[in-house]
Structure formats: C-alpha cells, structure tokens
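Scroll down for the structure; my scribbles are underneath it.
Only the coordinates and a few stated rules stand behind these numbers; no lab work does. If you're wondering where the values come from, they're calculated on a predicted model, not measured in any experiment. Cβ: placed from backbone, ideal geometry, glycine included. Neighbour counts: every protein chain shown.
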Amino acid sequence: MKILVGIDESPYSEAALEFAKKMKWPEGTQFKLLSAVEPVVSSYAMVETPAPAMLEDVSREIYKLRKEATARLERGMRDRGFKSEAIVVTGDARTEIVEAAKREHADLVVVGSHGRTGITKLLLGSVASHVVTHAPCSVLVVKGTPPAA
C-alpha cells in the first residue's frame, strides 16, 4: 500500500501524521511525506518592495527549513518501523498533493484539517476539501484539535 501524507508543519498535519502512525497498516506499506512550500511573492505596490535577490534568499531559506522539518518527521516514521520518504516541492499544496498522489500511484492520501468554515474557508481555501474532490484515490481527513490560544 502506498500512502501519501500532506505535511505543513501545523498542529493539524502533525495530528494527521500521528493518526497514521497509530493505525495498523498492511505489511510493506510505504509512506511518502509531502510538504509544499508556497512561492514567496512581493507586491510592487508596496513602498519598500524587497529586491528579487532578497526574495530568492528568503525562498531558499524557507525551503531549507521545510526540508529539515519534513526530514525530521520522516525519521520519526522510520524510527517507528515504517518505510518512508520525505518530499518537499515548491507550489500550491492543493495542487501538489493531488499531482503527487497521481504520480506516486497512491492508494490513500492523509491530510489534516483546520476545520475552517464559512467566510474563513472561502477566503483561505481548504487544502483538505480540494484534495478530497480531486485526488485519484481515497482521502483520509484527520481533524486536529485547535492549538491553545
């Protein structure tokens, strides 16, 4: 079985990963942990727009930090005895998770949910909703508890 887990360093994706770790999976199940880093953009309408080189430096640093965090989570999977691989890509998480599920021939996608509703969901979008609608396989949405204020 091939399972793709969407990771974004939020408590919600950590809850999804913890849920996946606790489940009993068939022998030989393989996990791919995917983290999508949104490209850093700047608005030219701003008075102090950062130079393109500075944006590239920021993008590289964010990518590096996300790669380290995803690798740490992947090591945690291996330490629990799971076959796993960490993947970090640049792009929109919704699109990247669906495309990776197709490319990797995933049997299941696991994502966390913020549980947003109403206008917040409309404005910020929902990765989980998009993945459920567009993934080529089954999707498990794990509802995490919101962080303490």
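Once fully extended, how much extra length lies between residue 102 and residue 78, figured as 0.36 nm per residue of separation less the alpha-carbon to alpha-carbon distance?
That pair, residue 102 and residue 78, stretches by 6.3 nm at full extension.
Separation between the residue 71 and residue 58 pseudo-spin-labels, each 7 Å from Cα along Cα→Cβ, expressed in nm?
2.5 nm
What ranking do 5-12, 130-137 get when scored by the average of other Cβ atoms within 10 Å per residue, highest first?
Per-residue mean Cβ counts within 10 Å order the peptides as 5-12, 130-137.
Tell me, what HN-Hα J-couplings in whole Hz come from the Karplus equation 6.51 cos²θ - 1.76 cosθ + 1.60 at θ = phi - 60° for each residue of segment 85-102, using x for Gly and Pro?
Residue by residue, segment 85-102 yields 8, 9, 10, 10, 10, 9, x, 6, 4, 4, 5, 5, 5, 5, 5, 5, 4, 5 Hz.
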